[in-house]
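Presented below is the structure to which this report refers.
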Amino acid sequence: MRETALDRAVDILFPRACAGCGAGPWPFCERCTDALVPLQPPWCRRCGRPAPLQVDSCRDCPPAPIASARSAFAYRGPARDAVHRLKFSGWRGVGEALAAAVAALGPPPADAVTWVPLARRRRAERGFDQARVLARALARELDLPAVALVRRTTATPPQSRRTREERLRAMHGAFAPASRRPAPARILLVDDVLTTGATVSACAAVLCEAGAREIHVLTACRSFSDLPPGSDRPPGPRGSRHP
């Protein structure tokens with residue numbers, strides 16, 4: 001990521017704290033690094049869900065037309081805390097730490113990065129869109145343009161207590177193209193957390209209608225109701241995948 005003189009001066013005057021606990025060194029202190037759960041093989045080749053053995057697809061794959069999905073961390077512990085600091089406490093710099101972890105996944109070639117947009121009211125309440133912050137930071141990491149390609153047409157209610165089917169129905173018609181210009185052929189679609197994939201699938205459908213041919217989803221975290229045994233402690237040196 002490019003660092004400007006102003007960035008360096010701000011870091012000297014106002015040192016950034018750990019994105020996880022908010023107290024240790026940036027980007028994740030040693031304690032938080034040890035508690036992170038990076039998502040890595042063996043996994044589902046299409047969606048990156050950990051699996052006892054490598055598989056081509058699984059029951060948790062996001063719906064079509066998404067080509068693939070990858071997330072840096074399981075949505076728990078310091079990673080969950082970091083997302084909350086970004087979303088609810090306005091720590092926009094956390095987007096850089098999370099974007100670095102996502103970039104380390106080695107995303108597929110793409111023409112542009114875009115994001116799942118917040119509803120206008122929620123964006124006004126927070127003062128920013130956390131997915132946009134994450135997408136722009138990732139675009140800098142990958143040296144790609146960050147482009148607003150999707151707009152939200154309706155404000156959907158909270159989805160956390162809904163089933164996968166209910167989420168899919170709720171997201172129908174919730175998005176539209178951001179402009180009349182054709183979408184790039186290959187797109188990285190960014191959000192903070194992937195759960196059922198209903199939201200990103202709705203965005204991907206809009207992007208395909210606008211001309212996109214290949215859409216890959218990238219998120220900082222992924223939420224699971226369960227993980228295979230041992231997935232909470234991946235093999236290899238701890239911290240090797242942190243930003």
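The values are calculated or read from the model by the stated rules, or taken from the named source; none is laboratory data. These numbers come from a predicted model, not from an experiment. Ideal geometry is used to build each Cβ from the backbone, glycine not excepted, and the neighbour counts take in all protein chains shown. Just the protein is used for accessible areas: all its heavy atoms, side chains included, with ligands, DNA and RNA removed. Shrake-Rupley method; radii C 1.70, N 1.55, O 1.52, S 1.80 Å.
Miscellaneous remarks
- Only one of the numbered conditions (1) of a type in the set (Val, Ile, Thr); (2) touching a Lys or Arg at 6+ places or on another chain (Cβ under 8 Å); (3) under 18 Å from THR195 (Cα atoms) is not met by VAL55, and that is (3).
- When segment 58-75 is filtered for residues that are modelled with pLDDT under 95 and touching a strand residue (DSSP E or B) at 6+ places or on another chain (Cβ under 8 Å), the ones remaining, listed by number, are CYS58, ASP60, CYS61, PRO62, PRO65.
- Residue identified as in contact with a helix residue (DSSP H, G or I) (Cβ under 7 Å, 6 or more places away or on another chain), crowded, with 18+ Cβ neighbours inside 10 Å, at pLDDT 95 or above and part of a helix (DSSP H, G or I) among LEU86, LEU138: LEU138
- Here GLY93 meets each of (1) open to solvent by 10 Å² or more (accessible area, probe 1.4 Å); (2) farther than 14 Å from ALA131 by Cα; (3) not β-branched (Val, Ile, Thr) with one exception, condition (2).
- A Cβ distance below 6 Å, combined with a sequence gap of six or more or placement on separate chains, defines the contacts here; from segment 201-220, residues that are at pLDDT 95 or above reach residues that are among the hydroxyl-bearing types (Ser, Thr, Tyr) in the pairs HIS216/SER68; THR219/SER71.
- Check on CYS21, in contact (Cβ under 8 Å) with a residue 12 or more places away in the chain, in contact with a helix residue (DSSP H, G or I) (Cβ under 6 Å, 6 or more places away or on another chain) and either open to solvent by 10 Å² or more (accessible area, probe 1.4 Å) or of a type in the set (Ser, Thr, Tyr) (or both): yes
- Filter result (part of a loop (DSSP other than H, G, I, E, B) and among the charged types (D, E, K, R)) within segment 90-120: ARG92, ASP111
- Close pairs from segment 87-103: first in contact (Cβ under 8 Å) with a residue 12 or more places away in the chain, partner of a type in the set (Lys, Arg), Cβ under 6 Å, at least 6 apart: TRP91/ARG85; GLY93/ARG16; VAL94/ARG85
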